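The values are calculated or read from the model by the stated rules, or taken from the named source; none is laboratory data. Since the structure is predicted, the reported quantities are computational estimates derived from the model, not experimental observations. Neighbour counts are summed over all protein chains in view; Cβ atoms, including those assigned to glycine, are modelled from backbone coordinates with ideal geometry.
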Amino acid sequence: MLEELQRRHYSQATTQHYIRFVEKFAQHFHCSPDRLGRQHIREYQAQLFTVQKLSMMRLWFDLRQAVARCHDYGRQPPPSAL
């Protein structure tokens with residue numbers, strides 16, 4: 001994931017933010033992010049919406065940019081797939 005973010009010339013701050021978010025996502029399920037799929041993303045979204053009251057735009061940005069790139073290395077599913 002780090003190499004992909006650097007290849008895309010993301011700033012260091014953005015890269016660190018994405019990595020922290022993916023770490024939190026993986027910690028939530030107690031496993032490596034490469035073993036998590038779309039159903040895990042949906043479950044995590046639901047948890048963030050209900051428990052942490054995270055806004056839709058913030059969640060969409062974080063999940064779409066960080067998790068999708070980590071899992072698919074740049075092949076992002078359409079918004080309806082998340």
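Within this structure, Gly37 fails the test of being at pLDDT below 65 and out of contact with any Cys (no Cβ under 7 Å at 6 or more places or on another chain). Within the stretch 64-81, is there a residue that is part of a helix (DSSP H, G or I), at pLDDT 85 or above and hydrophobic (A, V, I, L, M, F, W, C)? Within the stretch 64-81, not a single residue is part of a helix (DSSP H, G or I), at pLDDT 85 or above and hydrophobic (A, V, I, L, M, F, W, C). With respect to the conditions (1) modelled with pLDDT of 80 or more; (2) touching a Cys at 6+ places or on another chain (Cβ under 8 Å), Met1 lacks only one, and its number is (1).
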